[in-house]
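Following: one structure in structure tokens, then a few remarks.
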Amino acid sequence: MKIEVAILGGGVAGLGAAYALVKKGISPIMIEKSNDLGGLASSYKINNFYIERFYHHLFPTDNIIFNLANELRIKNKIIWRKTKMGFYYKNKLYGFTSPFDLLLFKPLSFLNRMRFGFGIFKIKFIKNINYLDNISAKKWIIGTFGYDIYDKIFQPMLKIKFGISLDKASAAFVCGRLKARAESRSNNMDSEKLGYMMGGYNEIINALNNKIKKESNILKNSEIVEIKKSKDNFNIKIRKNNKIANIKVKYIINTLPLEIFSKIAKNFPKNVMTHIKNIKYQAVICATLGLKKNLSKYYWINISSSNLPFQGVIEHTNFIPGKNYDDNNVIYLFNYISPDHKFRHKSNDELKKIYLSGLFKMFPKLKKEDVLWFKISRERYATPVFLRGYEDNLKKIKNLNDIFFAGSFKIYPHSRNINNVIKTGFDAAENLLKNKPSLR
């Protein structure tokens, strides 16, 4: 096969780009550093089942995923469930799903409970949130909900989530996150309806791989060391099995985090590279564990307590029944952290001890013998940090010198989920075909 396009990265954006190109009769080469495709959507195999390394679910507005699943003939595997949310505040777990739960949420005054519910309801109907790009998250939240709600609900979570001052965080992205959750709720806001593909995103990743592998060259365990532009081609230097190899192509779709791209791209225009280097990323550590018993009745528990080592608890089997996981109760514990956070340098055994200690403190009835298995996943470039003015900077990152961009940095200000990330891969392939008609 004649290969003129290289896709850098085998996550969902890269898979989406490859699939879109193959449908048009174009055979790309995909270069992926790890042994697995799917990136943040990849899975573990535990006994007889697969479970994602990082928690995922579908929103009712995820039309890209629904259409793709239909094309791949796996849409019938998508199911929908009503879910419950909890809120852990000062060592006490509260319900945080329905208006009735909100009425019983004692950390807020009765007036602020009403103000919070009404504020979330209004966000559901906001049409355009881009105007919030240059407004700080702190200013917008206080203006929308009031200081007490900001201080007790948003500030503890978002400070950890962003890893920066909320004076610098973009209100547009915070609003986008809240809007996605509000849109998944029923009209009377009494429940949240979320979707999941039985077998997880492993089903989509395998189906995409099966569609593209016969028409593509997929290089796994291949680290990209350098990209240089010559007169007519790109030279991509890779390291595979401790050996250096060179690949020449005419066009590139980059799905690598921009912090990585900026380090390997040589001799590109400084004016564009400056804006690329402005985008920084947060890391994530996520523990996935199997338990003999369930912890609560909630799918998602937000945490507003500084004395716990993780920021949230996702009880996956309160969403998808444990019978699908050999009767294990599957739990996620997660931390979004800055690159210099002390947890980044902890071993998996150390993190296991720290996380379980926090979980036993949160749920005193849980014992060590209830833990069936424990896995740790880390991702240094999990999500861009969405600062004020992010959109202005984003507009200045243009496709350059036959390189087209995709990835999570382009989803702003919308919710950072698989649906929106895979769309950036589709869009990059479409832009390549539109601007390089000779490929067709």
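Rule-based calculations on the coordinates, nothing more; no lab input. Being a predicted model, the structure only gives us computed values, none of them experimental. Ideal geometry is used to build each Cβ from the backbone, glycine not excepted, and the neighbour counts take in all protein chains shown.
Structure notes:
- On the principal axes of its alpha-carbon atoms, the range 246-290 has extents of 47, 27, 15 Å, going from largest to smallest.
- When you restrict to C-alpha pairs under 8 Å that are six or more residues apart and normalise by the size of the range 24-94, the relative contact order lands at 13 percent.
- Packing-based ranking of 411-417, 75-81 yields 411-417, 75-81, ordered from highest to lowest mean Cβ neighbour count within 10 Å.
- Short-range pairs are left out: with C-alpha atoms under 8 Å and at least six residues apart, the relative contact order of the chain is 25 percent.
- In terms of the mean number of neighbouring beta-carbon atoms within 10 Å, the peptides 17-28, 335-346 order highest first as 17-28, 335-346.
- Beta bridges assigned by DSSP with both partners in the chain are antiparallel in approximately 75 percent of cases.
- Sites PHE360 and ASN35 - FRET efficiency at Förster radius 41 Å, r taken between beta-carbons, to 0.05: 0.75
- Measuring between alpha carbons in the structure, the pairs from LYS243/LYS352; LYS342/LYS423; LYS323/LYS365; LYS193/LYS395; LYS342/LYS375; LYS84/LYS352 lying more than 30 angstrom apart are LYS243/LYS352; LYS342/LYS423; LYS193/LYS395.
- Subset of LYS24/LYS179; LYS23/LYS250; LYS229/LYS434 violating a 23 Å alpha-carbon distance limit: LYS24/LYS179
- Value of [θ]222 nm, deg cm²/dmol, for the chain, DSSP H segments ≥ 4, -39500 (n - 2.57) each, nearest 500: -9000 deg cm²/dmol
- Approximate spin-label separation ASN267-ASN210, in nm, with each point projected 7 Å along Cα-to-Cβ: 4.4
- Relative contact order for the range 209-345, counting Cα pairs under 8 Å that sit 6 or more residues apart, in percent: 17
- Protection-proxy order for peptides 9-16, 310-317, 353-360, each taking the mean of Cβ atoms within 10 Å per residue, highest first: 9-16, 310-317, 353-360
- Overall shape: oblate for the range 79-156, with the ratio a/c of the largest to smallest alpha carbon gyration tensor axis at 1.5 or above and b/c at least equal to a/b.
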